[in-house]
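So the structure is just underneath, and the comments pick up after that.
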Amino acid sequence: MKARSSFLIVANRLPVDRVVGADGAAAWRRSPGGLVTAIAPVMQRREGAWLGWHGAPGEEVKPFDHDGMHLVPVPLSAAEVELYYEGFSNATIWPLYHDVVATPIYSRVLWDAYRAVNDRFARAAAEVADENAVVWIQDYQLQLVPAMLRKLRPDLRIGFFLHIPFPPVELFWQLPWRREIVEGLLGADLVGFQRPGGAANFVRLCRRLLGLQHHRNEVELDGRRIRAEAFPISVDFSELDTLVREPSIVARAKEIRSELGEPEHMLLGVDRLDYTKGIGQRLKAFSELLADGAVKPGEAVFVQIATPSRERVEEYRRLRNSIELQVGRINGEHSQLGHQPVQYLHQSYNRRELAALYFAADVMVVTPLRDGMNLVAKEYIACRHDLRGSLVLSEFAGAADELKQAFSVNPYDVEGMKRAMLTAMRATPHELSRRMRSMRRRVATYNVDRWAGEFLAALEGG
Ligand code: ADP
Ligand code: G6P
């Protein structure tokens, strides 16, 4: 095992999950998800290292190799999980950056923990990075790391990518530690965002808050030039496209429809159970379609998969209760013996089952109130080589910039959502294939390899 690497990823989580095998022994398994898929080949090519938390509080794990990647666990105590991860990351920054759809908590105790953990990540990265190495820091949990790391290791080339939205100046201004966060990000050479609007918000903020000069998307600080630019993340199109063609997946998709009672329309939502995703809003629209008689009982089933997420954070608990109450009400009012209009599954699924669900669904309903990108929308497109299926997509998801042929909705507009769902259900096969073909072209071209490749080219070339 080598001590130093010339290419480093620094993220809150490691790209592996601990699993317990049939023999009771613990092992690591590569986590699903786009980021890992995109970066793993680069890591393998460059003998890179990945620094991140391994998921268990209060446990020290030694660095290890897995799947051609050198993994360096960064420990978090139980108190840090509460204050840094659940607290400042997910009860302060997450709601603030998502348009304040929940009220952010501003607490000095949470901030102190965030700073201390960011400092630990920066020190660990400084230890592992080789001379002049390229370091790519990921997401909102680690916004102070770029500047902390630059201070320790000015020789490094540092990139940062924010996977969630970057808010307008007027919202960001609420943050008591706004200056520290912006200065933290400015430690990078390149700061990447999902949308051009996020990059523009950041540049504007640098000017307003710190009075920095800028030339288009470049900000000047202490004689350095920091570039802010959009790199919309994507999915591994060909992996999903190949997977969903497997006979066993096609058979499973058929089976799913039969288990649902062969409805005329199957609508599908797949999300982490998060208040930014607009799950309650889409269920309300669907229940009104049932109540109005626009959708007949037995005609449609709405399958909502909601992965458990951040369950100890108060807002997430509240959301879970409210969604479960809402589902209970809708089913109580509109079920018939043997048919429930909403199937709610508070569970995680593997990629194969998800692919089968995507292939089975007629209407994919993606209605976040705010979302950096939303990969579920792109995964659905990648799974529909049959050119069937419609996508109802919120204007507030980053994916809306690219998937212009989706049935676009404002999730705050219940009537508009009802209209869009009905139109999506009733569209002709010809109409659907026209829309799907063009969205597939986009996702196939701008896939996740391209995202990682373009970011790294900009970081290393610029
Ligand atoms: P976010 O990053 O906010 O969770 P995205 O839509 O961008 O939202 O990404 C979610 C990822 O998690 C997707 O790759 C999706 O397939 C996966 N996912 C969502 N729900 C589930 C689930 N129930 N089981 C397994 N994976 C899921
Ligand atoms: C979003 C964030 C990621 C995060 C993921 C899952 O995609 O941008 O940084 O890892 O949600 O959330 P979790 O809190 O479980 O890591």
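Output yes when any residue across the range 196-210 is assigned to a loop (DSSP other than H, G, I, E, B) and either touching a residue at least 24 places away in the same chain (Cβ under 8 Å) or not assigned by TED's automatic domain parsing to the domain that holds VAL376 (or both), and no when none is. Among the residues of the range 196-210, not one is assigned to a loop (DSSP other than H, G, I, E, B) and either touching a residue at least 24 places away in the same chain (Cβ under 8 Å) or not assigned by TED's automatic domain parsing to the domain that holds VAL376 (or both), which makes the answer no.
Number of residues in the range 282-298 that are modelled with pLDDT of 95 or more and not in a helix (DSSP H, G or I) equals 3.
Here ASP139 fulfils each of the conditions (1) at pLDDT 95 or above; (2) more than 18 Å from VAL191 (Cα to Cα) apart from (2). Could you tell me whether ARG120 is touching a Pro at 6+ places or on another chain (Cβ under 9 Å), modelled with pLDDT of 95 or more and surrounded by fewer than 14 Cβ atoms within 10 Å (Cβ to Cβ)? Taking the combined requirement at face value, the residue does not satisfy it.
Per the listing PRO165, PRO176, the residue uniquely touching a His at 6+ places or on another chain (Cβ under 8 Å), closer than 19 Å to GLN141 by Cα and either touching a residue at least 40 places away in the same chain (Cβ under 8 Å) or within 16 Å of ligand 2 (Cβ to nearest atom) (or both) is PRO165.
Please find, among LEU345, LEU357, the residue that is hydrophobic (A, V, I, L, M, F, W, C) and either surrounded by 21 or more Cβ atoms within 10 Å (Cβ to Cβ) or at pLDDT below 95 (or both). The match here is LEU357.
Checked against the criterion of being closer than 20 Å to ILE233 by Cα and free of Cβ contacts under 8 Å to residues at least 24 places away in the same chain, the candidates ALA457, ALA406, ALA444, ALA452 yield just one match: ALA457.
Among the residues of the range 315-345, those identified as more than 15 Å from ligand 2 (Cβ to nearest atom) and in contact (Cβ under 8 Å) with a residue 60 or more places away in the chain are GLY338, HIS339, GLN343. Taking the condition touching a residue at least 24 places away in the same chain (Cβ under 8 Å) and either touching a Phe, Trp or Tyr at 6+ places or on another chain (Cβ under 8 Å) or closer than 20 Å to ALA124 by Cα (or both), does PRO63 pass? Yes, satisfied. Within the set ALA452, ALA458, the sole residue that is within 21 Å of the chain's Cα centre (by Cα), outside any loop (DSSP other than H, G, I, E, B) and among the small types (Gly, Ala, Ser) turns out to be ALA452. Checked against the criterion of being buried (at least 22 other Cβ atoms within 10 Å of the Cβ) and not β-branched (Val, Ile, Thr), the candidates GLN194, GLN281, GLN213, GLN174 yield just one match: GLN194.
Scanning the range 150-195 for residues that are more than 16 Å from ligand 1 (Cβ to nearest atom), in contact with a Gly (Cβ under 8 Å, 6 or more places away or on another chain) and assigned to a loop (DSSP other than H, G, I, E, B) turns up ALA188, ASP189. Only a single criterion out of (1) in the same structural domain as LYS418 (by TED's automatic domain parsing); (2) assigned to a strand (DSSP E or B) is not satisfied by ALA253, namely (2).
The values are calculated or read from the model by the stated rules, or taken from the named source; none is laboratory data. The model shown is predicted, which means the values in this text are computed figures rather than measured ones. Virtual Cβ from ideal backbone geometry, glycine too; neighbours counted across all protein chains shown.
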